[in-house]
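Please read the structure below before turning to the comments.
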Amino acid sequence: MRISIPVSAFVAAIVGFGGTLAIVIAAAVAVGATQLQTASWVTALCLAMAFETAWLSWRTKMPVITAWSTPGVALIAASSGFSMNEAVGAFLIAGALLVATALFRPLTTLISRIPASVASGMLAGIVVTFATEAAKTVPLDPWLIVPLIAAFFVLRLVNPAISVLAVLIGGGAAAFLTGRVGGLPTPEISTLTWIWPEFSAGAVVGLAVPLYLVTMASQNLSGLAVLRASGYEPDPAPLIGVTGLFSVLTAPFGASTTNLAAISAAICTGPDVHPDPAERWKTGPFYALAYLIFALFGASLVAIFAVLPQSLIALVAGLALLGPLTNALSIALQKENERMAATVTFAVTASGLVLFGIGSAFWGLVAGLAVLALDRFKKT
């Protein structure tokens with residue numbers, strides 16, 4: 001056991017949790033969740049990730065790190081017209097689809113065949129709204145926002161992994177010290193709240209299916225790639241199946257889907273953790289311990305976010321998604337013969353189009369695949 005193992009695990013957990021919690025809060029607001037339901041959402045997500053990571057890492061003897069789907073919660077946050085109960089129904093269906101993917105291998109193959117350009121165009125269209133909303137916070141509170149933006153771009157030159165977290169902590173401290181926040185809420189222990197699911201065609205097609213596709217294409221496939229890049233050869237089915245099962249179990253408590261991590265996993269899988277790859281799986285239990293702590297105090301963390309200035313929350317969410325946006329755009333436009341399809345996917349998704357009660361992420365994917373099919377038909 002080296003000290004680098006628990007240190008890497010805790011850094012990965014703190015970066016993953018603190019850097020993107022604002023997006024989960026935004027998703028909860030979008031579907032009308034109460035503060036109690038939002039706290040349950042965060043708590044259930046943390047519990048799922050703790051048990052998934054501990055079990056999969058111990059069982060496979062690989063550093064299998066899980067996370068909530070950041071693009072997935074961004075998709076939820078960008079949606080409109082869905083209630084919390086409909087969202088829970090969509091989370092159940094998305095989790096069930098993940099389990100089905102693990103049991104039925106051709107589904108994994110089918111998802112992997114969606115062109116990366118189109119999938120990335122959809123992801124870019126989902127997250128670009130957060131980047132533009134972050135820019136709009138400047139005139140709202142320039143004395144708070146502008147220094148934080150400057151600090152973010154300076155810090156990312158030194159350590160990109162902690163730059164968003166530093167903005168969140170620094171911005172929160174500045175908000176309290178300058179009187180923008182009345183005071184800290186009373187600490188409280190988290191509880192889980194049961195939320196009855198509702199199922200509607202619009203929520204299934206407009207929320208559940210895009211959530212499943214984003215989770216698979218942008219998270220699980222990337223997570224597998226990170227493991228393989230570090231020399232591991234995991235069987236995808238058990239990993240996807242376990243995350244899907246926990247997604248189903250925690251959905252009635254408000255939790256959206258969990259999946260294989262990419263950025264957090266990269267912190268836990270490299271040679272800096274341990275020179276022997278066979279020893280790196282031990283980051284899993286420490287990572288799980290960190291998320292058990294987050295689960296215990298999730299209600300207090302949500303309460304703190306509730307009293308912070310909305311401009312700060314929007315800024316943190318936008319900055320946290322700049323990396324995924326940059327990566328998605330670069331992949332979307334990488335192949336010249338697929339650029340038009342990717343651009344159409346991006347434009348339709350970013351438009352916020354709602355047709356027949358179905359959100360823009362689905363229509364963006366449909367439009368992009370249709371354009372790509374026409375381009376390929378013309379060439380034949």
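Suppose every K and R has +1 on its Cβ and every D and E has -1 on its Cβ; what is the size of the dipole of the range 276-380 about the Cα centre, in Debye to the nearest 20?
260 debye
Hey, got the dipole for the chain? About the Cα centre, +1 on K and R Cβ, -1 on D and E Cβ, debye to the nearest 20? Show your work: numbers first, answer last.
Details: 16 positive and 14 negative charges, 122 e Å.
Dipole size: approximately 580 debye.
So how much slack lies between residue 173 and residue 377, counting 0.36 nm per residue of separation and subtracting their Cα-Cα distance, in nm? Show your work: numbers first, answer last.
On the way: separation 204, 0.36 × 204 = 73.44 nm, distance 5.70 nm.
Using 0.36 nm per residue and subtracting the Cα-Cα distance, I get 67.7 nm.
Calculate the spin-label point distance for residue 306 paired with residue 353, positioning each point 7 Å from the Cα along the beta-carbon direction, and give it in nanometres.
With each label placed 7 Å out from Cα toward Cβ, I get 3.8 nm.
Given labels modelled 7 Å from the Cα in the Cβ direction, how far is it in nm from residue 110 to residue 370?
Distance between label points: 2.1 nm.
Sorted by mean Cβ packing within 10 Å, highest first, what order do the peptides 191-199, 81-89 take?
Values: 191-199: 15.2, 81-89: 21.4.
Answer by packing, highest mean first, reads 81-89, 191-199.
What accessible area per residue comes out for the chain, rounded to a whole number of Å², with a 1.4 Å probe?
Numbers: 16000 Å² over 380 residues.
Solvent-accessible surface per residue comes out at 42 Å².
Could you work out how much longer the chain between residue 189 and residue 34 gets when fully extended? Use 0.36 nm per residue separation minus the Cα distance between them, nm to one decimal. The partial results should precede the final answer.
Numbers: separation 155, 0.36 × 155 = 55.80 nm, distance 1.68 nm.
Using 0.36 nm per residue and subtracting the Cα-Cα distance, I get 54.1 nm.
So if I take the centroid of the Cα atoms in the range 276-312 and the same for the range 1-49, what is the distance between those two points in Å?
If we compute the Cα centre of each part, the gap is 5 Å.
Which value, to two decimals, describes the C-alpha radius of gyration of the chain once divided by 2.2 N^0.38 Å?
Working: Rg = 19.8 Å, N = 380, 2.2 N^0.38 = 21.0 Å.
Scaled against compact globular proteins, the figure is 0.94.
Would you tell me the accessible area of residue 281, worked out with a 1.4 angstrom probe on the heavy atoms of the protein chains, in Å² to the nearest 10?
Looks like 40 Å² after rounding.
The values are calculated or read from the model by the stated rules, or taken from the named source; none is laboratory data. For clarity, every value in this text was computed on a predicted model and none was experimentally measured. Don't worry about glycine lacking a Cβ; one is built from the backbone with ideal geometry, like all the others, and counts go over all protein chains shown. Accessible surface is based on the protein model in full, side chains and every heavy atom, while ligands, DNA and RNA are left aside. Shrake-Rupley method; radii C 1.70, N 1.55, O 1.52, S 1.80 Å.
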